[in-house]
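Input: a single structure, listed below in structure tokens.
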Amino acid sequence: MKYTVKSIVFLLGLLVVSCNEGIDPITAVDAGVDETAPSIVINKPIDGFQLKVPEAVAAITIDFEVRDDIEISTVSVAMDGTEIASYTGFLDYRYFIKDDLVYDNVTTGVHTLTITATDIDGKTTTSSIDFEKTPPYVPIYDGEMFYMPFDGDFNEQVTITAATEVGSPSLVGGVSGNAYQGAADSYLRFPSTGLAQGNEFSATFWLKIDPSDTRAGIINIAPAEPASPSDKPSGFGLIREGSADAQKFILLVGNGTNATWVNPGAPATIDPTLDEWVHFGISISATNAALYMNGELVGETAFTGIDWTGVGDLVIMSGDPNFSGWDHKTEKGQMDELRLYSKALTQEEIQNLIQ
């Protein structure tokens with residue numbers, strides 16, 4: 001079959017019409033009047049953040065976003081008044097996000113991060129936050145080997161090591177700065193290597209329990225088996241149980257054969273509906289295991305010394321996975337200022353800590 005030039009042109013015309021059938025033509029739309037200056041949100045670091053690392057000079061990741069009603073023209077990022085990055089030519093004229101800007105020259109001290117955005121009409125917005133790189137933490141109490149203040153993260157400060165987060169724990173205002181906030185099926189894990197050793201051990205912390213659960217695990221270092229806390233041959237665990245208006249605390253410590261109980265009853269019982277912070281002290285020596293609440297001795301038991309054979313991780317704010325044989329699982333309350341020590345604390349030392 002032969003095609004003339006006229007017939008080919010006709011067929012091409014039909015093809016164009018067919019391909020565009022049902023598609024609206026592109027119509028230019030006026031962008032409108034530029035009414036507002038750009039908006040800036042700095043996601044990280046947050047205002048007041050403290051960067052705690054052992055290095056003298058450290059890096060920090062900057063995460064921010066800029067929006068404008070018409071078009072962004074330029075974005076500038078400055079640290080302590082010196083520009084460290086600038087951006088133009090945005091693919092999305094009205095929205096720019098940068099979540100991976102790394103600044104690797106953070107020295108000890110307070111720093112100011114400033115972001116400036118300008119739109120095509122010349123309107124400019126500036127947003128700033130202050131953060132601090134603190135000196136490495138130096139233990140301030142005799143025997144202190146672990147400190148977790150929960151101020152902005154779940155890092156242990158003596159070794160600058162992050163705890164493993166299970167579930168979705170978070171941070172809220174606490175006794176000092178921020179505090180750990182529990183949630184369903186959530187807790188922290190931390191290697192017990194270097195902590196589970198010697199025949200003396202102590203722990204101190206503030207606690208505000210969640211009364212929606214009538215039993216929970218608070219803190220433990222224990223082996224996985226046997227499941228029953230009373231049969232644990234090594235390690236320790238602090239649990240709570242009772243009713244919606246009366247919760248008693250029980251400390252169990254493994255002596256190499258099974259668990260020695262510190263179960264004071266009424267002296268170690270609180271009313272959870274009061275929604276109050278309580279200070280706890282656990283003090284274990286070669287001859288004694290004691291439990292303190294708000295600086296007062298609430299119970300003690302003669303003891304032959306703690307055994308650490310076969311224990312797992314330190315678990316914070318749950319009996320899971322190694323101390324939940326009696327259903328003492330997640331504590332959905334709050335904890336603050338957790339410290340561990342390689343010695344048995346005296347009552348005077350615990351009272352000084354509260355102050």
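Given the options Ile140, Ile115, name the one that is free of Cβ contacts under 8 Å to residues at least 24 places away in the same chain and either assigned to a loop (DSSP other than H, G, I, E, B) or closer than 20 Å to Val66 by Cβ (or both). Break it down stepwise before answering.
Numbers: Ile115 fails: free of Cβ contacts under 8 Å to residues at least 24 places away in the same chain.
Going through Ile140, Ile115 in turn, just one is free of Cβ contacts under 8 Å to residues at least 24 places away in the same chain and either assigned to a loop (DSSP other than H, G, I, E, B) or closer than 20 Å to Val66 by Cβ (or both): Ile140.
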Single residue of the range 78-112 satisfying the filter (of a type in the set (Ser, Thr, Tyr) and touching a residue at least 24 places away in the same chain (Cβ under 8 Å)) that is nearest to Gln50 (Cα to Cα): Thr108
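Residues are listed down the side, and each one gets a yes or a no for (1) open to solvent by 10 Å² or more (accessible area, probe 1.4 Å); (2) over 22 Å from Trp277 (Cα atoms); (3) among the small types (Gly, Ala, Ser); (4) touching a Ser or Thr at 6+ places or on another chain (Cβ under 9 Å):
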site: Ser202; (1), (2), (3), (4): no, no, yes, yes
site: Leu207; (1), (2), (3), (4): no, no, no, no
site: Ala246; (1), (2), (3), (4): yes, no, yes, yes
site: Ile250; (1), (2), (3), (4): no, no, no, no
Name the residues in the range 269-285 that are at pLDDT below 95 and assigned to a loop (DSSP other than H, G, I, E, B), would you? Asp275
When both residues are 6+ apart or on different chains and their Cβ atoms are under 7 Å apart, which pairs have a first residue that lies in the range 265-279 and is closer than 19 Å to Tyr180 by Cα, and a second that is part of a helix (DSSP H, G or I)? His279/Ile354
Can you pull out every residue in the range 276-290 that is of a type outside the set (A, V, I, L, M, F, W, C) and either open to solvent by 10 Å² or more (accessible area, probe 1.4 Å) or within 14 Å of Asn220 (Cα to Cα) (or both)? Glu276, Gly281, Ser283, Ser285, Thr287, Asn288
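Within the range 320-355, how many residues are of a type outside the set (Asp, Glu) and either under 19 Å from the mean Cα position of the chain (by Cα) or part of a strand (DSSP E or B) (or both)?
Within the range 320-355, residues that are of a type outside the set (Asp, Glu) and either under 19 Å from the mean Cα position of the chain (by Cα) or part of a strand (DSSP E or B) (or both) number 9.
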On the basis of being over 33 Å from the mean Cα position of the chain (by Cα) and farther than 19 Å from Lys232 by Cα, does Ala302 make the cut? no
Matching strands (runs of 3 or more DSSP E) fully within the range 212-268 where at least 2 residues are within 30 Å of the chain's Cα centre (by Cα), modelled with pLDDT of 95 or more and among the polar types (S, T, N, Q): none
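Within the range 173-211, work out how many residues are in contact with a Gly (Cβ under 9 Å, 6 or more places away or on another chain) and either part of a loop (DSSP other than H, G, I, E, B) or of a type outside the set (Ser, Thr, Tyr) (or both). Working first, answer last.
Step one: filter the range 173-211 for residues in contact with a Gly (Cβ under 9 Å, 6 or more places away or on another chain), giving 177-187, 189, 192, 196, 199-200, 202-211.
Of the ones still in play, those that are also either part of a loop (DSSP other than H, G, I, E, B) or of a type outside the set (Ser, Thr, Tyr) (or both) are 177-179, 181-186, 189, 192, 196, 199-200, 203, 205-211.
Counting residues in the range 173-211 that are in contact with a Gly (Cβ under 9 Å, 6 or more places away or on another chain) and either part of a loop (DSSP other than H, G, I, E, B) or of a type outside the set (Ser, Thr, Tyr) (or both) gives 22.
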Within the range 291-319, can you find the residues that are open to solvent by 50 Å² or more (accessible area, probe 1.4 Å) and not in a loop (DSSP other than H, G, I, E, B)? Glu296, Leu297, Glu300, Ala302
Residues (farther than 30 Å from Pro136 by Cα and not in a loop (DSSP other than H, G, I, E, B)) located in the range 71-112: Ile72, Ser73, Thr74, Val75, Ser76, Ser86, Tyr87, Tyr95, Phe96, Ile97
The range 143-193, residues that are of a type outside the set (S, T, N, Q), touching a Pro at 6+ places or on another chain (Cβ under 8 Å) and either surrounded by 14 or more Cβ atoms within 10 Å (Cβ to Cβ) or without any contact (Cβ under 8 Å) to a residue 60 or more places away in the chain (or both): Met145, Tyr147, Phe154, Val158, Gly177, Tyr180, Gly182, Ala183, Tyr187, Leu188
Among the residues of the range 209-239, count how many are crowded, with 21+ Cβ neighbours inside 10 Å, under 15 Å from Ile270 (Cα atoms) and in contact with a helix residue (DSSP H, G or I) (Cβ under 9 Å, 6 or more places away or on another chain). 2
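The values are calculated or read from the model by the stated rules, or taken from the named source; none is laboratory data. Fair warning: this is a prediction, and the values are worked out from it, not measured in the lab. Counting neighbours? That spans all protein chains shown, and the Cβs are built from the backbone with ideal geometry, glycine included. Protein only, heavy atoms only, side chains kept; ligands, DNA and RNA dropped before computing areas. Shrake-Rupley method; radii C 1.70, N 1.55, O 1.52, S 1.80 Å.
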